[in-house]
Each structure stands twice: as structure tokens, then as C-alpha cells.
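Input: a single structure, listed below in C-alpha cells.
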Amino acid sequence: MSHGRVTPQLRHWIVKQIEAGKSPESVLELMIRNGWPEGAALDVIERTLRMRVAQIKSVENAAAQTTDAKGPSPAPEV
């Protein structure tokens with residue numbers, strides 16, 4: 001990974017690193033070591049993680065709307 005364009009592959013790599021348990025600080029350090037200026041790397045990480053959170057919220061909202069549209073689940077019989 002070298003400093004250059006922000007590609008879907010770079011965004012995917014960032015998300016995978018975070019989802020694998022790496023801290024944003026360690027991802028930042030890796031990007032800096034690979035030629036990214038700190039400010040640019042911070043910006044890419046922040047925007048990528050905000051996009052990922054928005055994706056997750058969108059999926060959760062869609063699931064909640066589907067559940068709401070079905071109506072309440074019937075009470076279990078005892």
C-alpha cells in the first residue's frame with residue numbers, strides 16, 4: 001500500500017483491519033509507514049469508518065422496518 005488514490009481496495013483494507021481488532025492508531029501507523037502523510041491518512045480512516053458505520057446503521061434500520069412491517073410476534077403458547 002503506497003500513498004496515492006483512495007480506492008475501494010484501500011477502504012476495504014481499513015475496514016478489515018478494524019474489524020480484525022486493530023486500533024485506528026495502528027492502522028494510521030501502518031499507512032504512515034507506507035508513505036501516507038499523517039493528515040491524509042487520518043482523513044481517509046475517518047471517512048472510511050464513518051461510511052462503514054452508516055452502512056451498518058442502514059442495514060439495521062432496514063431489518064427493523066422489515067420486523068415492524070410484519071407486526072408483533074404472537075405470544076408463545078404456554
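The values are calculated or read from the model by the stated rules, or taken from the named source; none is laboratory data. Please read all numbers here as calculations on a predicted model, not as lab measurements. Glycine also receives a Cβ, built like all others from the backbone with ideal geometry; neighbour counts cover every protein chain displayed.
Quick grid of which residues meet (1) in contact with a Leu (Cβ under 8 Å, 6 or more places away or on another chain); (2) hydrophobic (A, V, I, L, M, F, W, C); (3) touching a residue at least 60 places away in the same chain (Cβ under 8 Å):
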position: Arg11; (1), (2), (3): no, no, no
position: Glu19; (1), (2), (3): no, no, no
position: Pro24; (1), (2), (3): yes, no, no
position: Glu29; (1), (2), (3): no, no, no
position: Gly35; (1), (2), (3): no, no, no
position: Glu38; (1), (2), (3): yes, no, no
position: Leu42; (1), (2), (3): yes, yes, no
position: Met51; (1), (2), (3): no, yes, no
position: Ala54; (1), (2), (3): no, yes, no
**Fill in**
Restricting segment 18-29 to residues that are under 18 Å from Pro8 (Cβ atoms) and surrounded by 15 or more Cβ atoms within 10 Å (Cβ to Cβ), the one nearest to the chain's Cα centre (by Cα) turns out to be Ile18
**Request:** For segment 36-78, enumerate the residues that are at pLDDT 95 or above, exposed (fewer than 12 other Cβ atoms within 10 Å of the Cβ) and not in a helix (DSSP H, G or I).
**Result:** Pro37
